[in-house]
Structures are given as structure tokens and as C-alpha cells.
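Quick note: the coordinates plus some simple rules give every number you see, no bench work behind them. Here the structure is a predicted model, which means the values were calculated and not measured. Positions of Cβ are backbone-derived with ideal geometry, glycine not excepted, and every protein chain shown enters the neighbour counts.
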Amino acid sequence: MKLTAHELAVIIDTLNHSLAVSNWNGYYTAQSRENVRNVIAQIMDEMSVEIITDKPNFTIDADAAIS
């Protein structure tokens, strides 16, 4: 099974939110959830990412008045 960077980011965000809840009634302590979050953050930090895009079908000119 492979996890994408996006899936890892969702896991970290979920752990951050669960750490912020003081009356969380789950089975794991805040310290254990924080450790897991830190391990996932380290995995993400060590990931090598390659972004491949197609050539755009259009271009935006400097005088297109888009802000």
C-alpha cells in the first residue's frame, strides 16, 4: 500500500486537530499521537516529489487585467 503526500498531510492535520481537543476520549495519549504526527512529518520531509504537467492550452497575457 502506498500513501500519497496528500494522504499523509490529511493524517497530520487530523492528528493536529485531535491533539488540540483536551477532552478527547480516544485510546491513545496526546504524547503518542504527537509522536506519530512527528514520524509522518519526518517521512514527508524525506520524500522526493516530481511534478509533471502537460503544456497549457492557453496563456495569460500581462495585459489581461487579471488580479
Which order do peptides 47-53, 27-33 fall in by mean Cβ count within 10 Å, highest first? 27-33, 47-53
With θ set to phi - 60°, apply the Karplus curve 6.51 cos²θ - 1.76 cosθ + 1.60 along the stretch 42-48 and write out the HN-Hα couplings as whole Hz, x wherever there is a Gly or Pro. 5, 4, 5, 5, 8, 6, 9
